[in-house]
Amino acid sequence: GQLYGDVLYFATEARAGWSHSDPRPLYFWGYFVGLNGVWVLVPVALLADACRQLAAAQRAIDHPRHKAH
């Protein structure tokens, strides 16, 4: 949900021609892109980690270890 909201936030601002953001480079890149971009990177990192964990769990179920009797 967070990632969707961020993409929507950036997309609507881009479509409006960045008219609602401060045109000064420090504010635009530092505040608008930098600080808001963190909330894009965090969900992407969490999604990537979850995919790796799920893939490892699925591999463990698909190829169970056999006990030697």
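A few comments on the model shown:
- Conditions (1) open to solvent by 100 Å² or more (accessible area, probe 1.4 Å); (2) part of a loop (DSSP other than H, G, I, E, B): number failed by residue 22: (1)
- Positions within segment 36-65 being of a type in the set (A, V, I, L, M, F, W, C) and either open to solvent by 100 Å² or more (accessible area, probe 1.4 Å) or in a loop (DSSP other than H, G, I, E, B) (or both), in sequence order: 39, 41, 46, 54, 61
- Evaluation of residue 7 against (1) among the β-branched types (Val, Ile, Thr); (2) open to solvent by 80 Å² or more (accessible area, probe 1.4 Å); (3) without any contact (Cβ under 8 Å) to a residue 12 or more places away in the chain (one fails), failing number: (3)
The values are calculated or read from the model by the stated rules, or taken from the named source; none is laboratory data. What you see is a predicted model, and the numbers here were worked out from it, not measured in a lab. In this analysis, Cβ positions are derived from the backbone assuming ideal geometry, glycine residues included, and neighbour counts consider all displayed protein chains. Surface accessibility is based on the protein's heavy atoms, side chains included, excluding ligands, DNA and RNA. Shrake-Rupley method; radii C 1.70, N 1.55, O 1.52, S 1.80 Å.
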